[in-house]
1. Which of the residues that make up the range 144-174 are over 16 Å from P218 (Cβ atoms) and touching a Pro at 6+ places or on another chain (Cβ under 6 Å)?
2. Out of the range 426-468, which residues are under 19 Å from the mean Cα position of the chain (by Cα) and among the β-branched types (V, I, T)?
3. Which residue is farthest from E53 (Cα to Cα), if the candidates are limited to the range 232-257 and must be within 14 Å of ligand 1 (Cβ to nearest atom) and not in a loop (DSSP other than H, G, I, E, B)?
4. If I filter the range 480-496 for residues that are under 26 Å from G82 (Cα atoms) and either of a type in the set (S, T, N, Q) or in a strand (DSSP E or B) (or both), do I get at least one hit?
5. Show the residue pairs that are 6+ apart or on different chains and have beta-carbon atoms under 9 Å apart, the first residue being within the range 251-267 and farther than 21 Å from G567 by Cα, the second being within 16 Å of ligand 2 (Cβ to nearest atom).
6. Hey, could you check the range 288-301 for residues that are in contact (Cβ under 8 Å) with a residue 40 or more places away in the chain and closer than 26 Å to T330 by Cα and say which is farthest from ligand 1 (Cβ to nearest atom)?
7. From the list W112, W107, W143, which residue is within 16 Å of ligand 1 (Cβ to nearest atom), in contact (Cβ under 8 Å) with a residue 24 or more places away in the chain and out of contact with any Phe, Trp or Tyr (no Cβ under 6 Å at 6 or more places or on another chain)?
8. Identify all residues within the range 120-154 that are within 23 Å of A573 (Cα to Cα) and of a type in the set (G, A, S); write none if there are none.
Amino acid sequence: MADKTLPKTDVVIIGGGWTGLTTAYELAHEGRKCVILERGDHRHDATSFGAPEEHDELKYGLRYTHMMNVRENTLTFRNSRGDRALPMRRLGSFLPGEGLGGAGIHWNGQLWRPLPSDLEMRSHYDNRYGSDFIPDDLSVQDWGVTYDELEPHLDFFERICGAAGTAGNLDGEQREGGNIFEGPRSNEYPNPAMKQPVSSTLFGRAAQEMDLHPFPFPSANVTKAYENPYGAQLHPCTYCGFCERFGCGYFAKADPIICVYDRIKEHENFEIRFKSTVLRVEKSEDGKTATGVTYVDADGREIFQPADIVCMNAYALWNVHLMLVSGLGTPYDPETRTGTVGRNYSYQTISAVDAFLEKDIVTNPFMGAGALGMVVDDYNGDNFDHSDLGFVGGGYIACKQYHGRPISYQPVPDGTPSWGAEWKRAVRENYLHHADFVIHGSSMSTPENFLDLDPTWTDQHGRPLLRMTFNFPENDRKMAKYVTERAVEIAENMDHVTSVSATNLAAEGEDYSVVPYQTTHNVGGAVIGTDPSTSVVNRYGQMWDHHNVFVFGACLFPQNLGYNPTGPLMGLAYWTLEHLKNDYLENPRPLMDA
Ligand SMILES: Cc1cc2nc3c(=O)[nH]c(=O)nc-3n(C[C@H](O)[C@H](O)[C@H](O)COP(=O)(O)OP(=O)(O)OC[C@H]3O[C@@H](n4cnc5c(N)ncnc54)[C@H](O)[C@@H]3O)c2cc1C
Ligand code: SF4
C-alpha cells in the first residue's frame, strides 16, 4: 500500500532520456498531461553545461559521474545457466545513464539507420540463402516493422539531431561518398559531413583502392549553426574530443536536454519529478490494463501515480526489470523456451585495430569528436555474400578519431610493457602517429542468452535484481573474426603504416567479460513482433497483454544490428508515437492492422 495516492494524470513516463523526453514532448503537444518520473537528478541544462567543467577526464571519463551509480542500482551477471550470477559492483562493459537526459548526455552521437534487411532478418536470409541457413541455435526473427514504414521517423530524428553526413541512397539513387548500402532516404542529411583528420583520410584512400565504399560517420556532432524542428539551436562542433562520457559544453552534440527538454520544460502539460524511482507498474483487477505506477520519492515515501497510459522509457535493461517485478507479460523460461519477457537479450561484438604510422605523419588525436571518422559498411548486415561463411550478420569498420585525452589515449604497439619507462617512451613516440579502428558488429539472439530475476540478490527496495545470462554465440565469434581480418587488411593497405595489431573482444574460446568497456548497446528482452508467443509488444510498441502500456528503447530489438542503436530505437519511438497519437488516444484498445 502506497503512502500517498496522487491525482490521475493522462500519461506517466518512466525515465527522462531520449525516448522519455520525446514521448512527453509529442504527447504534451497532443493535449495530454504528461508526468515523467526520473530516478536520477536534474543535471545541467543547455545553458549551464560548461566546457571547462566537463573537460575533467578523471571525473566523467573514469569516475563515471554521468552514469548510473551501481551502489544504488545494479544487476547480476553470469555467462551461462550453470553459473552462479554475481552483482556488478563496478561499471565496466556498459555504462548506463542516470538523471535528466539519460545516457543521451554522454553518448558519442553516431547516428545510424538500420539496413532494410536488418529489420526482416529471418525472412531475408531465408529468401536469399534458404530456410536452413540461419544456425539452429539462434532465435533470429523479423521485427514486424519495415524500413519503409520507419523511414519518415528515422528522417525526423535526424532532423531533431541536426545530423551531419552524406547520403548514399537518395530516393533510390546510389551516391558515391555516402553509404551505398543504406536504404533509400527521403532527404539528404540536414548538415554536411564532418571534416576528416589525417588518419581517416588515409583509411578512406586505402579502402577505395580495395574497391570498398568509404564514407564519413553519420554524426549527431553538428557541423553548422542549426535549428531543429522543435526550435532548439545547435552550434558547430569544435572537435574538442570530449564527447563520449561527457556532456557537450558548446551546444554542438545533439542531446535530449538541448534538443527536447529545453523546448518542453515550460509547457503546461509537462512535468518531470527527479529522484523518483519507479518500483513497479500497477495493474487493474482484471489484469488487462495498467492503472499507473508506484514510485519512491526523494524522501523515501511510496507514491502511487495513477495514469491512463504508462510509457516505459527506462532503458532496455530496466524496462525488462520493471516488467518482471510488476508481473507484466510472461517471463521467459529457458528450460521450456516459452514466455517472452527477458527473451532474446543480445549485445554487440567489438574489435579494435591499431595502425602505427611513420613519424612524419602527424594525426593530432586531441582534435576529435564522438562520431568523427570514415567507415566502410561492405561487411555489415548482409551487404556481402554469406553463402560460404557459416555465420549471419556483420559489422562496420571505422577509422575513428574520438579523442586524444591524456589519461585514456595511450596507443602503444603490441609487445610494449603495460607500465614503466619503456611504456612511457612508447606512448610519447606513438601518440601523434596512430590510426584507431573500431569494428562494431551485430550480435544474434539465442535461447540461452536471456534476462530474468535473480533468485538470490535483492535491491535496496527488496526487489530481486535483474539477472543477465550472456555469452557470445559461436555465430558472433566467427563473424567478428572474419570482419576483424578484413579491417586488418585495410590497415595494412594504408600508406605510411609501420605496424598493425588487433584485439577482438568476441574471440573464439574466450567468455564474454563484463569488465572491459565495450558498448552500452544492450538490446532485447521485450521484443517487438507480430506473434505474441515470440514478442512482448506488437508492431506498434504496445504490450500484447496490457494495451495501455507502450514500450520504448532497445529492449524492442529481436537481435542486435551491426550499428549503434539510438537512430533505430528513436525511429521506432516516433513510429509508436505516431500510432499512439493518431489511433490510440481517441479510442484506447489493442492496436491492429486494418
Ligand atoms: C558512453 C556511451 C556512448 C554511446 N554512444 C552512442 C552512439 O554514438 N550512438 C548511439 O546510437 N548510441 C550510443 N549510446 C547509446 C545511447 O546512449 C542509448 O541508446 C540511448 O541513450 C537510449 O535512450 P533511452 O531513452 O532508451 O534510455 P536512457 O538514455 O538510458 O534513459 C533512461 C532513463 O530512465 C531512468 N530510469 C531507469 N529506471 C528507472 C526507474 N525505475 N524509475 C525512474 N527512472 C528510471 C534512468 O535514470 C535514465 O535517465 C551510447 C551510450 C553510452 C553510455
Ligand atoms: S567534440 Fe564537438 S560535439 Fe563533442 S563535445 Fe566537443 S564540441 Fe561538443
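The values are calculated or read from the model by the stated rules, or taken from the named source; none is laboratory data. Keep in mind that this is a model prediction, so the values were computed, not measured. Heads up, the Cβs are rebuilt from the backbone with ideal geometry, glycines too, and the neighbour counts pull from every protein chain shown.
1. Across the range 144-174, the qualifying residues are D171, G172.
2. V438, I439 - these are the residues of the range 426-468 that are under 19 Å from the mean Cα position of the chain (by Cα) and among the β-branched types (V, I, T).
3. P256
4. There is no residue in the range 480-496 that is under 26 Å from G82 (Cα atoms) and either of a type in the set (S, T, N, Q) or in a strand (DSSP E or B) (or both).
5. These pairs meet every condition: K265/D45.
6. Ranking the candidates gives K288 first.
7. The unique qualifying residue is W107.
8. Of everything in the range 120-154, just one residue is within 23 Å of A573 (Cα to Cα) and of a type in the set (G, A, S), namely G144.
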